[in-house]
Protein chains: 2
Amino acid sequence: MSARPGVKTRVKPVAFQGARGAFSEEAARQLLGPRVAVLPCERFEDVFRSLAEGRAEGAVVPIENTLAGSVHENYDHLQAFDLPIVAETSVRIVHNLIAPAGVKFRAVKRVFSHPVALNQCLDFFARHPRIERVPFYDTAGSVKMVLEEGLKDAAAIASSVAAEIYGGHILRRSIESDRRNFTRFFLLRRPEYARRHPVRAARNAPWKTSLVFSTRNIPGALFRALSAFALRDLNLTKIESRPLRGKPWEYLFYLEFLERADAPNVQNALNHLRELADFLRVLGSYPKGA
Amino acid sequence: MSARPGVKTRVKPVAFQGARGAFSEEAARQLLGPRVAVLPCERFEDVFRSLAEGRAEGAVVPIENTLAGSVHENYDHLQAFDLPIVAETSVRIVHNLIAPAGVKFRAVKRVFSHPVALNQCLDFFARHPRIERVPFYDTAGSVKMVLEEGLKDAAAIASSVAAEIYGGHILRRSIESDRRNFTRFFLLRRPEYARRHPVRAARNAPWKTSLVFSTRNIPGALFRALSAFALRDLNLTKIESRPLRGKPWEYLFYLEFLERADAPNVQNALNHLRELADFLRVLGSYPKGA
């Protein structure tokens, strides 16, 4: 997204699902810097469509969470749209208690947030039984509401980015019960953009490639498919099966390994896999995230 | 759960996470009949603990959803507690619009539910822009509230079981946008209960076995592990990797295949896998669900 010196660029935004200050916006900042222009969308499908139709120049979508698993809906969109993955990042889901400036912790009687966020802070609420939990449509939106209404007895639970965007004051940091809560995000581009702006990485930095394929579920089918990678010493970092609905006994597999898709041994592995799979699609190659 | 004739049994409940009428209760009914006694719990951990400590005689927990992926938290509890899986079932997540008796659809101005449920009905709300979406703590709880408060301009979105339990009237059935929304549930017992009440199934009915194992992430490690099953023609129905947090390069794998754990070829496969895996745990063997 960095403009070359002397070249004027109209900055098109990066699309994500959710309100301003959602964890997806935190991911967008990690990937593209704190001043990235953003386009919040209501649905994941709108995010993909905004990028495909050129209203956005990139899209940031969650793909898996350490507690809640893979976001199958976004794998479906990755197959339906031709929008390559060009980067990944991981965001630790840190929940903060956010109130209007001047509101003290002891004045807080009600806390608004998305029920999933409220449930991820049950230890905090057990320690403070005087505080009522109030469900709200989303985490960042609850900060916006509490701030706009100027509530004197209320706070919201959301990311620190939401506190910054809406001008809230963080009363308590990191009140989530489980700190092992991370969400992994992909950055997507249109194919022509990805070709014109090849991703650069340090010389010996590891790369990842993500793909989906399907096989008939006969005994040993997956074992044979994985031989394409094992025989070439390619190191898998993710595998997941997903039953194909409406097609009993057929499975889709998500696979990731540590190498660029254009490396010669990967090209051989993919040719080998094509012999064995009913369907194969490379979703992207990108530098491994921190 | 069926009592033997002439033997009086005190019926202990089955624990699940959520309020009465949650989709987990629908799963409990599918597994154990419509009159099953239930123990609603606030957290998944409470569900496991209730069963382990004898306050419940069974537990019903969601393990994966076709849109949202595997519930890693419950895989963690399955490893921490010694509570074997004895049955599985799949529930289609059908969202119904539920109001107090006498409230007509055209009178509904506000609809309460969990934000995830509200978001799964966006097509319905797009067709009825006059209706406001109001987030609530859970689906079934929103039915309880709308009924108890006797709201004349409001409805809730939840399962048909919630409508039945709280005496609500279903105004519109199945208003979810995506009908491919299924959640798979496990029924758990204490080990001694499972030994005393072996599961019976039709003679040729297929069985499933679920296990978790870990390997060091060296190239080909998973390929070698899967050879234990492929060489014995065992048919995998699920595989999923999960990075072990705090142990870079080590992975946990969830695996399922179509055979009983006590079948001789499975015993051989498990002995073979023990040679290759750092850790191996069989979570249960149970008749394949519909």
Along Cα→Cβ, 7 Å out, is where each label goes; now give me the distance between the ones at residue A:105 and residue B:275 in nm to one decimal. 5.7 nm
Name the residue farthest towards the positive end of the dipole of chain B from the options B:243, B:78, B:66, assuming +1 on Cβ of Lys and Arg, -1 on Cβ of Asp and Glu, about the Cα centre. B:66
Hey, can you rank A:121-127, B:237-243, A:106-112 by average C-beta count inside 10 Å, highest first? B:237-243, A:106-112, A:121-127
So the FRET efficiency between residue B:262 and residue A:247, C-beta based with R0 = 35 Å and rounded to 0.05, is 0.70
Could you please tell me the mean projected area of the C-alpha convex hull for the protein assembly as shown, averaged over all directions and given in square nanometres to one decimal? 29.5 nm²
Vicinal HN-Hα couplings computed from phi for segment B:182-187 (Karplus, 6.51 cos²θ - 1.76 cosθ + 1.60; Hz; Gly/Pro x): 10, 10, 9, 10, 10, 9
Place a point 7 Å from Cα of residue A:218 in the direction of its Cβ. Which residues in segment B:231-268 have their backbone N less than 16 Å from it? B:231-236
Calculate the FRET efficiency for residue B:11 and residue A:148 from the Cβ-Cβ distance with a Förster distance of 41 Å, rounded to the nearest 0.05. 0.20
Computed FRET value (nearest 0.05) for residue B:90 with residue B:192, which takes r as the C-beta separation and R₀ as 35 Å: 0.80
Partner chain coverage, peptide A:136-144 - average Cβ within 10 angstrom: 2
Return the Rg/Rh ratio of segment B:226-272 with Cα-based radii and a Kirkwood Rh. 1.06
May I ask for the distance between the Cα centers of segment A:259-279 and segment B:213-254, given as a whole number of Å? 21 Å
Segment B:96-172 - Rg (one decimal) and Dmax (whole number), Cα, Å: 10.7, 29
Using a 10 Å cut-off on Cβ to Cβ distances, tally the other chain neighbours for every residue of B:222-235 and report the average as a whole number. 5
Largest first, please: the extent of the C-alpha atoms of segment A:18-72 along each principal axis, to the nearest Å. 32, 24, 17
Average partner coverage of B:58-71, which counts Cβ from other chains inside 10 Å: 3
In debye to the nearest 20, how big a dipole does segment B:207-287 give about its Cα centre with +1 on each Lys and Arg Cβ and -1 on each Asp and Glu Cβ? 220 debye
Send over the Kirkwood Rh of chain B, from the inverse of the averaged 1/r over different Cα pairs, rounded to one decimal Å. 20.9 Å
Could you list the residues of segment A:83-103 with an amide nitrogen less than 14 Å from a label point located 7 Å from the Cα of residue A:174 in the Cα-to-C-beta direction? A:92-97
Which of the lysines could be linked to residue A:238 by a straight reach, that is with a Cα gap under 22 Å, when you skip same-chain ones fewer than 8 residues away? A:208, A:288, B:238, B:247
Scan segment B:183-289 for chymotrypsin sites (Phe, Trp or Tyr not before Pro) in coil per DSSP, keeping those whose Cβ has at most 15 other Cβ atoms within 10 Å, and list them by number. B:249
Sort all Cα-Cα distances of segment B:207-287 into consecutive 10 angstrom bins from zero, then give the percent of pairs in each bin up to the one containing the longest distance. 19, 56, 22, 3
Note the distances from residue A:201 to each other copy's matching label point, with points 7 Å along the Cα-to-beta-carbon direction, in nm, sorted shortest first. 4.3
Return the whole-Å distance between the Cα centroid of segment B:86-135 and the Cα centroid of segment B:159-189. 10 Å
Percent RCO, i.e. relative contact order, over chain B, from Cα pairs under 8 Å lying at least 6 residues apart: 21 percent
Measuring from its Cα centre, the protein assembly as shown shows a charge dipole (+1 at each Lys and Arg Cβ, -1 at each Asp and Glu Cβ) which, in debye to the nearest 20, is 360 debye
Cross-link reach from residue A:104 to lysines, straight Cα distance under 26 Å and at least 8 residues apart if same chain, gives A:144, A:152
Copy-to-copy spacing for residue A:282, label 7 Å out on the Cα-to-C-beta vector, in nm, shortest first? 4.2
Among the aspartates and glutamates, which have Cα under 19 Å from the Cα of residue A:109 when same-chain residues fewer than 8 positions away are ignored? A:123, A:132, A:148, A:149, A:153, A:176
When only Cα pairs under 8 Å and 6 or more residues apart are kept, what is the percent relative contact order across segment B:207-287? 50 percent
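All of the numbers you see were taken from the coordinates with simple rules; none came from a lab. Since the structure is predicted, the reported quantities are computational estimates derived from the model, not experimental observations. We place every Cβ from the backbone using ideal geometry, glycine too, and count neighbours over all the protein chains shown.
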